[in-house]
Each structure stands twice: as structure tokens, then as C-alpha cells.
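As C-alpha cells, the structure follows; a few thoughts come after it.
Read-outs: derived from the displayed coordinates by stated rules, not from any lab. All values derive from a computational prediction rather than experimental measurement. Cβ placement follows ideal geometry from the backbone for every residue including glycine, while neighbour counts extend to all protein chains displayed.
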Amino acid sequence: MKRISLYFFLFLFLSTGVAKSQVPEKDTSTKLEELFDRLVGNYNDVERISTNDSIRLILDDYVKSDSVFSHRFTNLRYLGQIMSPDSLLKIVTWNLVLENQPGKYYCYFIRKQDLGKVNKIYRLSTSYNEKPVRTDTTYTESDWYGALYYDLKPFIIDSNRCWVLLGIDYGNADISRKIIEVLTFKPDGTIVFGEKWFDSDKGISFRAVFEYASNAMMSLRFRSDNSIVFDHLVPFSPSKKDDREFYGPDYSFDAYNFKDGLWKLLINVDVRNE
């Protein structure tokens with residue numbers, strides 16, 4: 001559990017977010033800061049769950065507020081809050097680390113509606129899962145795999161709007177995962193994760209998932225609107241090629257570039273002149 005707890009602290013690169021119909025009052029911000037500090041510093045599962053329930057109550061009001069797309073907290077280190085460049089989607093997420101039972105992910109997707117209409121809010125939560133995230137299927141709100149999303153970009157193809165998400169999953173104590181995901185909405189508003197767009201030597205999949213050693217670090221970032229660059233992963237030794245627990249970067253880079261309607265894998269790209 002020490003390793004998973006460490007990653008709770010490492011979840012600082014995400015942007016941060018809480019309140020009523022207007023910009024949240026300072027007291028609300030201070031209260032959330034105190035609650036998250038208590039969540040991190042307390043090693044009693046019962047008290048952690050109780051503290052987390054208080055956080056959820058506050059955030060549930062915040063995501064319904066009129067100011068959710070214009071406001072962000074600057075003092076909450078453990079709350080991820082990102083907004084798409086088109087200002088139509090905002091994601092608020094955090095994780096609950098527990099000592100004697102699986103931790104949990106919590107995530108709000110806030111989708112801006114037409115002028116005069118109330119924003120659509122999706123409330124997702126799930127327990128840590130040691131099993132790999134599947135690449136051969138879509139997911140929905142009811143069977144979401146769980147991740148901390150740290151970046152996103154809007155994408156339009158065939159007049160349909162979607163968002164490409166970058167996320168990380170610490171649900172397995174020995175293997176970290178990074179994920180390139182595609183988020184879409186059906187006409188009835190149903191949220192869908194996954195599009196069969198990722199073309200690699202393994203065929204065409206619904207998402208890209210990278211697994212590597214928990215003590216390694218892997219970069220995964222947008223290079224442009226149509227390119228996602230990431231560390232090339234290799235086994236620490238040839239004898240470990242079938243065990244992702246022993247994979248890490250080799251200081252070269254690969255990329256998924258969007259071309260001809262697919263995100264196509266390109267091995268060994270040159271990123272030195274960016």
C-alpha cells in the first residue's frame with residue numbers, strides 16, 4: 001500500500017476544483033483544503049471514508065454551480081480539474097487510498113449544454129482493479145474502469161464531436177498504466193468510452209493502454225492536436241518480455257498520429273526539435 005499511497009501524493013500535475021451558484025466562497029475552498037489534507041494524512045480507513053464523503057458532498061454542489069466552467073481552485077493539490085480547450089467539457093477527479101481494502105476513483109464529467117439549459121453531469125466512481133483495462137471493447141458509466149485523467153483535447157470527425165483523454169491508473173500495486181481514451185456521447189446523452197481508432201501492430205483497438213513497472217516513470221502527452229507522443233517501453237531484460245511489471249522507458253519515443261480516420265502508431269519518432 002505504500003507504493004499506492006505515494007502515487008496519491010504524486011497526483012499533483014493535474015489542474016484543480018467547489019460551491020454554490022456563484023464563485024465558491026473562500027470558506028468553501030479552505031474547508032476542502034482541510035478535508036484533503038485530512039484524507040492524505042489519516043491512515044484510518046473509517047475516518048478516510050468519512051472524510052471522503054464530506055468532500056463528495058461539497059463537490060456535488062460545486063459541479064452543479066453556474067460558475068463551474070469559469071472557476072477553478074488554486075489551493076487544492078489533490079483534486080484534479082481539467083477543462084477542454086473548447087470549454088464544453090470539464091473533468092473533476094480524485095482518488096481515495098485505503099489501507100485495508102481497494103482504493104477508489106471518483107470522477108465528475110460536466111458537459112456544457114446549449115445556452116439556457118442546465119449542464120449535464122455524470123458522476124462516476126469505481127474501486128481499484130488490478131486487471132488490465134481492455135482494449136477490445138467500449139465502456140460506459142456503469143462499468144467504467146477507473147483512472148485519473150490529466151489532459152484532454154476536443155476532436156471532430158465526420159461532424160461528430162468527441163474528446164481524446166490522457167489518463168493514469170494506479171489500481172495495480174505492481175504495474176502502472178497510462179491510457180489514451182476517446183470520450184463520446186450518444187444522442188440520448190449516454191456517455192461512452194472508446195472508439196475503434198487505434199491502429200498498431202496488434203490490430204485496431206478501442207483505446208491505447210501502456211503498462212510498465214510501478215517504480216518507473218512514463219511520459220504521455222499531446223504533441224499537437226493530431227499527435228500524441230510517449231516513451232517507448234521495453235523489458236528490463238529479455239527474460240522479462242512477458243511481464244509488464246518489468247517494463248520501463250528506453251529513452252526513445254513513439255507516437256500515435258491521426259491520419260486517414262485512425263490514430264496510427266509510429267515507432268521511434270524524433271521529438272528533439274519541438
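At 222 nm, what helix-only mean residue ellipticity would the chain give, in deg cm²/dmol to the nearest 500, using -39500 (n - 2.57) for each DSSP H run of four or more? Can you show the working numbers first?
On the way: 3 runs with 44 residues, N = 274.
Using -39500 (n - 2.57) per qualifying helix, the result is -5000 deg cm²/dmol.
Using the alpha carbon gyration tensor of region 221-274, what are the three equivalent-ellipsoid semi-axes (square root of 5 times each eigenvalue), largest first, in whole Å? Could you put the intermediate results ahead of the total?
Details: eigenvalues 124, 34, 13 Å².
In descending order the semi-axes read 25, 13, 8 Å.
Find, to one decimal place in angstroms, the Kirkwood hydrodynamic radius of region 108-184, where the mean of 1/r is taken over every pair of different Cα atoms and then inverted. Don't jump to the answer; show the numbers that get you there.
Details: mean 1/r = 0.0708 Å⁻¹.
Every distinct Cα pair counted, the radius reaches 14.1 Å.
Sort the following peptides by mean Cβ neighbour count (other Cβ atoms within 10 Å, averaged over residues), highest first: 29-40, 256-267.
Details: 29-40: 17.4, 256-267: 15.1.
Highest mean packing first, the order is 29-40, 256-267.
Using the Karplus curve 6.51 cos²θ - 1.76 cosθ + 1.60 with θ = phi - 60°, work out ³J(HN,Hα) for each residue of region 261-267 in order, rounded to whole Hz, and write x for Gly and Pro.
Once θ is set to phi - 60°, the couplings for region 261-267 become x, 9, 8, 9, 6, 10, 8 Hz.
Take the cross-link list K153/K202; K104/K186; K112/K153; K90/K259 and give me the ones stretching past 19 Å between alpha-carbons.
Working: K153/K202 25 Å; K104/K186 27 Å; K112/K153 15 Å; K90/K259 27 Å.
Checking Cα-Cα distances, K153/K202; K104/K186; K90/K259 exceed 19 Å.
Highest first, please rank the peptides 102-108, 118-124 by the mean number of other Cβ atoms sitting within 10 Å of their residues. Mind showing how you got there, number by number?
Working: 102-108: 20.1, 118-124: 14.3.
Descending mean neighbour count gives 102-108, 118-124.
What list of ³J(HN,Hα) values in whole Hz, one per residue of region 39-55 in order, does the Karplus curve 6.51 cos²θ - 1.76 cosθ + 1.60 (θ = phi - 60°) give from phi, with Gly and Pro shown as x?
Running phi through 6.51 cos²θ - 1.76 cosθ + 1.60 with θ = phi - 60° gives 5, 6, x, 9, 9, 9, 4, 4, 5, 4, 5, 5, 4, 5, 4, 5, 4 Hz.
Between I157 and M217, how high is the FRET efficiency from 1/(1 + (r/R0)^6) when r is the Cβ-Cβ distance and R₀ = 25 Å? Nearest 0.05.
Details: r = 32 Å, r/R0 = 1.28.
So the FRET efficiency works out to roughly 0.20.
When the label point is put 7 Å from the Cα of A173 along its Cα-to-beta-carbon vector, which residues of region 65-106 have a backbone N closer than 13 Å?
Correct set: 98-103.
With θ set to phi - 60°, apply the Karplus curve 6.51 cos²θ - 1.76 cosθ + 1.60 along region 85-90 and write out the HN-Hα couplings as whole Hz, x wherever there is a Gly or Pro.
Ordered by residue, 3J(HN,Hα) equals x, 7, 6, 9, 9, 10 Hz.
So what's the chain giving for Cα Rg divided by 2.2 N^0.38 Å, two decimals? Show your work: numbers first, answer last.
Values: Rg = 18.9 Å, N = 274, 2.2 N^0.38 = 18.6 Å.
So the Cα radius of gyration is 1.02 times the expected 2.2 N^0.38 Å.
Equivalent ellipsoid semi-axes for region 130-274, as square roots of 5 times the alpha carbon gyration tensor eigenvalues: give them largest first, rounded to whole Å.
Details: eigenvalues 127, 73, 33 Å².
After scaling each eigenvalue by five and taking roots: 25, 19, 13 Å.
Got a sec? Charge dipole of the chain, +1 on Cβ for Lys and Arg, -1 for Asp and Glu; which of S70, I228, Y105 is way out at the positive end?
Toward the positive end, the furthest listed residue is S70.
Report the Cα centroid-to-centroid distance between region 21-80 and region 171-243 in angstrom, as an integer.
One Cα centre to the other: 29 Å.
So, by mean Cβ neighbours within 10 angstrom, what's the order for 76-85, 209-218 with the highest one leading? Please list the in-between numbers first.
On the way: 76-85: 19.6, 209-218: 17.1.
Ranking the peptides 76-85, 209-218 by packing returns 76-85, 209-218.
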